1. For every other residue with a beta carbon closer than 15 angstrom to the beta carbon of Lys35, add +1 if it is Lys or Arg and -1 if Asp or Glu, then tell me the sum.
2. Taking amide hydrogens as modeled 1.01 Å from N in the peptide plane, which residues meet the under 5 Å criterion relative to Leu248, leaving out close sequence neighbours?
3. When averaged across all projection directions, what area in nm² does the alpha-carbon convex hull of the chain cover?
4. Ordered by residue, what ³J(HN,Hα) values in Hz, to whole numbers, does the range 24-41 give under the Karplus form 6.51 cos²θ - 1.76 cosθ + 1.60, where θ = phi - 60° and Gly and Pro are x?
5. Once you keep just the Cα pairs under 8 angstrom separated by 6 or more residues, what percentage relative contact order results for the range 3-232?
6. Roughly how big is the chain's charge dipole about its Cα centre, with Cβ charges of +1 (Lys, Arg) and -1 (Asp, Glu), in debye to the nearest 20?
7. Expressed as a whole number of Å, what is the distance separating the alpha-carbon centroids of the range 85-108 and the range 134-177?
8. Greater than 29 Å separation of Cα atoms is the criterion. Which listed pairs, Lys45/Lys92; Lys61/Lys398; Lys92/Lys344; Lys243/Lys383; Lys61/Lys243, meet it?
Amino acid sequence: TSAVDLAKSLLHRLRRYEPQLSSFLYVSPDDIVLKQAEELDNRIKNNEEVGPLAGVFVGVKDNICTRDMPSTAGSRILENYRPPFDATAVRKLREMGAIVVGKTNMDEFGMGSTTEGSAYQVTANPWDLSRVPGGSSGGSAAAVSARQCMVALGSDTGGSVRQPASFCGVVGLKPTYGRVSRYGLVAYASSLDVIGCFGSSVADAGILLNAISGFDNFDATSSKQEVPDYASQFVPLDYMESKPLKGLRVGVIHETLGNGVDSEVVSSVRSAVSHLEELGCTVSEVSLPSFSLGLPAYYILASSESSSNLSRYDGVRYGNQVFGEELKSLYGDSRAEGLGSEVKMRILMGTYALSAGYYDAYYKRAQQVRTIIRNSFKDALDKNDILISPAAPSVAYKIGEKKNDPLAMYAGDIMTVNVNLAGLPALVLPCGFDGGSAGMPVGIQMIGAAFDEQHNLSRDVRSP
Ligand code: GLN
């Protein structure tokens, strides 16, 4: 088949499921997609080289800049914003022949865990349309889960790639902080933000990571550390062969399989762990007593950083503009109208935590907790190659279930936020189903040492 034929059928599928799912905030017009596919076909016909991602349909979270499409970050304040440039990750994907097919729905500025916080639309979970896809990268997760695109980019500040991957039964990868350039990623909390990958297999996530990793002059926090070839690391598991994972040291985080975690989630993760043991892993239980401190520390730090980052939406430089009598009302009215209530609450929490008089009690203490967490993970990862936990304490929520209870919503991020505080890579992949009435996918999280994505990616541990 030709790239054009492939693109036609993929576009058909994307559009067929979009009315039920609303995964996309913007879909590229057919003629533009087909023209790109045609160019690939012509190159192939002329024996010219095409990139390793030639013709691959990629969905891009709407907080990642694309020069030919809107980039709203799920917010009204960026409603008509079209960036004049591509994010580095997007540029790299395009150079490798990938076709960016559209922009996916998300919680406004990445603040949320269900995608209900989008200023535009609610995305449905393809496994059960009455449930959320997770968030904040819920559009990307739903799109890959329904095969509306083959792979997708998301961003992960406190779990926004991993939790929706878990809720939608796909693979989600959060790379090490600095592995992927943040240039062109709309900033939420800069010390935690990272662009991540969605795929329907570990291999796909690895190929995508290959494409987007590496140092970038436009992001001073991107790492110069060499990029291994993640795609060549795969050890295809031969289930007949005995102990293919022999020697891999796996530590199960004790604190993540206790109270407050659904019993179906615990049993799915435990049975995946015993499967790992059968495959030759050395499994032990590790204790991270500081684990539960991550949640309050994360919400203080993320809100603080966001209150500073979001001050740029002043109605002057870009986005929503409400003209008033004076400059002050231009700022105030543009923000009052353009920003949603969750975003405003985070800005208030963040400015409070940073204000003189409260700084020591909140921001500084949260930073100290962050150091404790970082060190405890380092110790545990000196003794283990990967650490294991559920990706979330439950399966996907019903639409509306958590929407008006922000604390319950925040509590659902307990499994993922520590990994961002420590800057580590983590992979989430489906490991079972809630056997109860819900029948929803459960995800397992595998946390690796900094810049050791290979241990997560090299072995596809899904059941055959
Ligand atoms: N749910 C978390 C938050 O609202 C994580 C979001 C994210 O990773 N972008 O902050």
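1. Values: positive: Lys8, Arg43, Arg94; negative: Asp5, Asp30, Asp31, Glu38, Glu39, Asp41, Asp68.
Neighbour charge sum, excluding Lys35 itself: -4.
2. Long-range HN contacts for Leu248: Thr282.
3. Numbers: hull surface 89.7 nm².
For the chain, the mean projected area of the Cα convex hull comes to 22.4 nm².
4. 9, 8, 8, 10, 4, x, 3, 5, 6, 5, 5, 5, 5, 5, 5, 4, 5, 4
5. Working: 584 pairs, mean separation 42.4, N = 230.
Dividing the mean separation by the residue count of the range 3-232 yields 18 percent.
6. Values: 43 positive and 51 negative charges, 64 e Å.
Dipole size: approximately 300 debye.
7. Using only Cα atoms to place each centre, the spacing works out to 14 Å.
8. Values: Lys45/Lys92 23 Å; Lys61/Lys398 22 Å; Lys92/Lys344 34 Å; Lys243/Lys383 20 Å; Lys61/Lys243 39 Å.
Over 29 Å apart, Cα to Cα: Lys92/Lys344; Lys61/Lys243.
Computed from the coordinates by the stated procedures, all read-outs in this text should not be read as laboratory data. Every value quoted in this text rests on a predicted model; they were computed, and no experiment measured them. Using ideal geometry, Cβ is built from the backbone for each residue, glycine included, and neighbour counts are taken over all protein chains shown.
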